[in-house]
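Participant: Handing you this structure, nothing more for now.
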Amino acid sequence: MKTTYTIPVGPIHPALKEPIRLDLRVDGEEIVDVDVVVGQVHRGIEWLGMNRNNPIQNIYLAERVCGICNICHPFAYIMAVEQAAGITPPERAEYIRVIIAEMERIHSHLLWAGVAAHEVGFESVFYLVWRVREKIMDLIESVTGNRVTKAMFQIGGVRRDITEEQFPQIRKTLDYYKSIFAQLKTVFLDDRTIRMRAKNVGVLKREDALKLLAVGPTARASGVAKDVRQDQAYSAYADLDIKAITPDIITETIVGDVYDRIIVRLLEVKQSIEIIERCLDEMPPGATLIEPKMAKLLNSLKKAEGKGVGRAEAPRGEVIHYVCLEAGRETLATWKIRAPTYVNLMSIPTILKGGQIADVPIVFASIDPCMSCTNRAVVVDRKTNKKSIMTYEELHQLCVEKTRRLSNELAR
Amino acid sequence: MEILSPEEIVESFKAALGSSFIDSKIYQREVAVKKNLFQAIWIYVKRDAFRQAVELIARLQEYPHLSIISSSDLGDRIGLIYHFTIYYGQHLKELSLGLCLSLPKNDLKIPTITDLIPGAIFTERETQEMMGVEVVGIPDDRRLFLPDDFPEGVYPWRKDETGPYDLLRVLPGHSCHSDSFASCHSEPFASCHSEGEKRPKNLAQDKLSEESHTAQDRLREETQDPWEKK
């Protein structure tokens with residue numbers, strides 16, 4: 001009789017940027033079933049917004065929902081509050097918001113590309129991509145004053161302008177990325193090792209993506225042309241005629257595998273460069289903030305009554321913030337945040353089933369989960385109920401060995 | 001697929017739901033330089049027509065996208081909003097559609113929609129544990145975010161006596177009763193600690209509330225010590 005094992009991966013694992021546990025039921029090397037266990041880092045952020053913070057303090061709290069997506073969360077949040085309170089931000093601010101959001105997308109996708117290369121044991125590419133990523137981080141720092149939490153957003157505009165003097169520097173960095181784009185494309189799409197590990201692995205079919213409510217590059221790689229920037233008129237994106245990127249631009253047929261997710265993210269880097277350039281060209285003049293006096297703004301927010309929903313396209317997919325304001329109340333009456341990984345996680349059982357344990361790191365990383373890192377997995381023998389610890393290094397080693405093995409087989 | 005305008009969508013709901021249709025709001029705003037329209041619809045329905053309303057949405061859009069269920073404590077009722085998006089995948093055609101319901105607190109039940117939208121499972125599980133709304137027929141009723149040892153009968157998003165006030169970690173120099181928290185919460189705070197207040201009959205929680213003061217005092221002492229030593 002065959003023995004099935006349960007392998008819990010996580011809650012701590014480097015392929016995951018935040019803690020999460022995957023309970024894998026395996027039969028030999030094959031994954032039979034997967035259960036996703038979340039909640040290890042639930043920080044009660046919505047509770048704080050509804051009980052402790054005023055709406056302006058919440059911007060900075062929203063920024064700390066996630067270190068990588070620290071633009072899209074305040075972006076969605078302020079749009080929700082502006083809608084609830086009936087505030088219209090100045091046009092120039094809308095363009096600045098988009099520029100910052102697209103810079104975030106470039107750095108996030110490059111970060112992901114590095115992690116993905118690391119997961120399959122392609123360390124040289126990991127170093128290369130993360131070195132290249134530093135350029136955009138430097139640009140973000142010089143434009144916003146900070147590498148990570150940028151504090152650019154304010155209800156009714158942005159806190160800092162992007163001036164003409166900064167344009168040449170931004171263009172220079174974008175030109176740099178354009179100059180190396182062909183090289184990146186060759187490395188990720190034509191390399192034999194990456195093709196081997198990514199093609200036909202972790203497949204999410206279009207219908208499953210729709211049923212399981214997948215968003216962002218995960219959905220687009222499965223052929224669902226869903227992108228908030230394209231679909232809904234928000235911020236300066238409404239002016240820019242964005243088109244959602246699906247992998248058939250390069251491959252003609254959509255498989256919905258890890259390779260397709262690489263294509264989507266890679267092409268989105270290029271798309272982001274184009275969006276920033278257009279924003280620089282078309283940026284309207286004028287003020288960047290509608291009410292610079294915080295006390296006055298807070299006072300009007302306290303009197304405001306209404307509800308709003310803000311949706312923004314984060315690097316990982318749609319972020320939605322729902323805000324309800326009550327007159328006379330200092331905090332928000334209701335605040336609900338939904339990050340893209342929340343819905344993308346529901347696809348994990350489907351894309352892991354039938355795969356191999358050695359594919360778990362790359363397949364799981366392929367949805368770019370916004371959760372933290374695999375330090376260990378516990379292997380439970382269901383027969384003897386004996387537990388043995390499998391460290392992240394061992395699991396990672398399995399994944400790296402598979403790459404080597406396949407390479408050697410090909411070389412023979 | 002034919003794309004209806006927000007007004008036509010509202011009309012179709014009115015016609016199909018009859019007296020179970022309560023109200024609707026259409027929100028429109030011009031965005032950025034080209035003044036394209038951002039549009040959102042809010043539709044208020046009675047609970048008995050909830051499933052029918054979701055089926056209607058599924059007719060407007062094959063595989064409607066359910067972003068999230070948000071819930072608010074409205075005093076003696078709980079408000080639920082199912083945030084859908086329809087007409088996605090087309091340039092500037094997407095609509096945010098919020099399906100709003102309110103349930104009385106003595107009968108917090110809502111049917112599941114996981115048979116229509118399998119991906120609704122996470123948010124239904126979250127609504128169940130955070131707001132205490134029972135999702136009838138949910139295929140997986142385990143908790144999602146809350147740990148297994150979290151007391152039963154405590155719902156973190158509630159603003160009444162079932163809120164998580166006993167579980168708060170109060171920082172040194174603050175108290176649960178102080179104004180450092182939102183003023184509108186002074187009442188629930190006071191009531192949750194007043195004597196003779198009726199608490200949900202739950203052993204784990206009764207025990208917790210009895211111990212909460214001493215536990216919090218102890219915590220305060222512990223956290224204060226290093227400061228005093230300095």
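The values are calculated or read from the model by the stated rules, or taken from the named source; none is laboratory data. Given the structure is predicted, the values throughout are model-derived calculations rather than measurements. In this analysis, Cβ positions are derived from the backbone assuming ideal geometry, glycine residues included, and neighbour counts consider all displayed protein chains.
Participant: Go through the residues of region A:100-120 one by one and say whether even a single one is touching a helix residue (DSSP H, G or I) at 6+ places or on another chain (Cβ under 7 Å) and within 14 Å of chain B (Cβ to nearest Cβ).
Facilitator: yes
Participant: Ok, one more. From the list B:46, B:35, B:109, pick out the single residue that is on the phi > 0 side of the Ramachandran plot, surrounded by fewer than 16 Cβ atoms within 10 Å (Cβ to Cβ) and more than 8 Å from chain A (Cβ to nearest Cβ).
Facilitator: None of the other options fit; the residue is B:35.
Participant: Here's something else I'd like to know. Exactly one condition in (1) in a helix (DSSP H, G or I); (2) within 14 Å of chain B (Cβ to nearest Cβ); (3) under 19 Å from the mean Cα position of the chain (by Cα) is not met by residue A:268; state its number.
Facilitator: With respect to (1) in a helix (DSSP H, G or I); (2) within 14 Å of chain B (Cβ to nearest Cβ); (3) under 19 Å from the mean Cα position of the chain (by Cα), residue A:268 is out only on (2).
Participant: Inside region B:55-90, can you point out the residues that are closer than 19 Å to residue B:103 by Cα and more than 10 Å from chain A (Cβ to nearest Cβ)?
Facilitator: Let us first name the residues in region B:55-90 that are closer than 19 Å to residue B:103 by Cα, namely B:68-83.
Those that are closer than 19 Å to residue B:103 by Cα and more than 10 Å from chain A (Cβ to nearest Cβ): B:75, B:76, B:77, B:78, B:80, B:82.
Participant: If I ask for residues that are basic (Lys, Arg) and in contact with a strand residue (DSSP E or B) (Cβ under 6 Å, 6 or more places away or on another chain), which ones from region B:21-44 would you list? Lay out the reasoning, then the answer.
Facilitator: Residues of region B:21-44 that are basic (Lys, Arg), as a first pass: B:25, B:29, B:34-35.
Result: B:25, B:29.
Participant: Can you tell me how many residues in region B:116-142 are part of a loop (DSSP other than H, G, I, E, B) and either surrounded by 16 or more Cβ atoms within 10 Å (Cβ to Cβ) or away from chain A (no Cβ under 11 Å) (or both)?
Facilitator: To start, the set of residues in region B:116-142 that are part of a loop (DSSP other than H, G, I, E, B) comprises B:116-117, B:132-133, B:137-142.
Filter once more, keeping what is either surrounded by 16 or more Cβ atoms within 10 Å (Cβ to Cβ) or away from chain A (no Cβ under 11 Å) (or both): B:116-117, B:132-133, B:137-139, B:141.
The total comes to 8.
Participant: Another question, if that's okay. So which residues in region A:201-236 are of a type in the set (A, V, I, L, M), within 12 Å of chain B (Cβ to nearest Cβ) and assigned to a helix (DSSP H, G or I), if there are any at all?
Facilitator: A:209, A:210, A:219, A:228, A:236
Participant: Need at least 2 residues that are at pLDDT below 90 and not small (Gly, Ala, Ser) per element, so show me which helices (runs of 4 or more DSSP H) inside region A:292-370 make the cut, counting only ones lying wholly within it.
Facilitator: On the way: elements: A:294-303, A:340-344, A:348-352, A:360-366.
Because the criterion is at least 2 residues that are at pLDDT below 90 and not small (Gly, Ala, Ser), the helices (runs of 4 or more DSSP H) in region A:292-370 that meet it are A:340-344, A:348-352, A:360-366.
Participant: Criterion first (touching a residue at least 12 places away in the same chain (Cβ under 8 Å), buried (at least 22 other Cβ atoms within 10 Å of the Cβ) and out of contact with any helix residue (DSSP H, G or I) (no Cβ under 9 Å at 6 or more places or on another chain)) does residue B:85 satisfy it?
Facilitator: Working: touching a residue at least 12 places away in the same chain (Cβ under 8 Å): yes; buried (at least 22 other Cβ atoms within 10 Å of the Cβ): yes; out of contact with any helix residue (DSSP H, G or I) (no Cβ under 9 Å at 6 or more places or on another chain): no.
Against the criterion (touching a residue at least 12 places away in the same chain (Cβ under 8 Å), buried (at least 22 other Cβ atoms within 10 Å of the Cβ) and out of contact with any helix residue (DSSP H, G or I) (no Cβ under 9 Å at 6 or more places or on another chain)), residue B:85 does not qualify.
Participant: Return the only residue of A:214, A:219, A:209, A:182 being at pLDDT 90 or above, among the small types (Gly, Ala, Ser) and surrounded by fewer than 19 Cβ atoms within 10 Å (Cβ to Cβ). Even if it seems obvious, please write down each step before you answer.
Facilitator: Working: A:214 fails: surrounded by fewer than 19 Cβ atoms within 10 Å (Cβ to Cβ); A:219 fails: surrounded by fewer than 19 Cβ atoms within 10 Å (Cβ to Cβ); A:209 fails: surrounded by fewer than 19 Cβ atoms within 10 Å (Cβ to Cβ).
Being at pLDDT 90 or above, among the small types (Gly, Ala, Ser) and surrounded by fewer than 19 Cβ atoms within 10 Å (Cβ to Cβ) holds for just one of A:214, A:219, A:209, A:182, which is A:182.
Participant: Something else about it: So which residues in region A:237-263 are on the phi > 0 side of the Ramachandran plot and assigned to a helix (DSSP H, G or I)? Step through it out loud before you land on a result.
Facilitator: Filtering region A:237-263 for residues on the phi > 0 side of the Ramachandran plot gives A:241, A:252, A:256.
Once the filter is applied, which keeps residues that are on the phi > 0 side of the Ramachandran plot and assigned to a helix (DSSP H, G or I), region A:237-263 yields nothing.
Participant: Give me a count of the residues in region A:23-52 that are part of a strand (DSSP E or B) and more than 11 Å from chain B (Cβ to nearest Cβ).
Facilitator: Counting residues in region A:23-52 that are part of a strand (DSSP E or B) and more than 11 Å from chain B (Cβ to nearest Cβ) gives 10.
Participant: Has region A:56-72 got at least one residue that is of a type in the set (A, V, I, L, M), assigned to a loop (DSSP other than H, G, I, E, B), assigned by TED's automatic domain parsing to the domain that holds residue A:273 and crowded, with 24+ Cβ neighbours inside 10 Å?
Facilitator: Step one: of region A:56-72, the residues of a type in the set (A, V, I, L, M) are A:56, A:59, A:61-62, A:65, A:68, A:71.
Then keep just the ones that are assigned to a loop (DSSP other than H, G, I, E, B); that gives A:65, A:68, A:71.
Filter again for assigned by TED's automatic domain parsing to the domain that holds residue A:273, leaving A:65, A:68, A:71.
Right, trim to crowded, with 24+ Cβ neighbours inside 10 Å and you get A:71.
Taking every residue of region A:56-72 in turn, at least one turns out to be of a type in the set (A, V, I, L, M), assigned to a loop (DSSP other than H, G, I, E, B), assigned by TED's automatic domain parsing to the domain that holds residue A:273 and crowded, with 24+ Cβ neighbours inside 10 Å.
Participant: Right, another one. crowded, with 24+ Cβ neighbours inside 10 Å, in contact (Cβ under 8 Å) with a residue 40 or more places away in the chain and basic (Lys, Arg) - does that describe any residue in region A:94-106?
Facilitator: Yes; the residues of region A:94-106 include at least one that is crowded, with 24+ Cβ neighbours inside 10 Å, in contact (Cβ under 8 Å) with a residue 40 or more places away in the chain and basic (Lys, Arg).
Participant: Moving on. (1) more than 22 Å from the chain's Cα centre (by Cα); (2) in a helix (DSSP H, G or I): which one isn't true of residue A:160, the others all being true?
Facilitator: (2)
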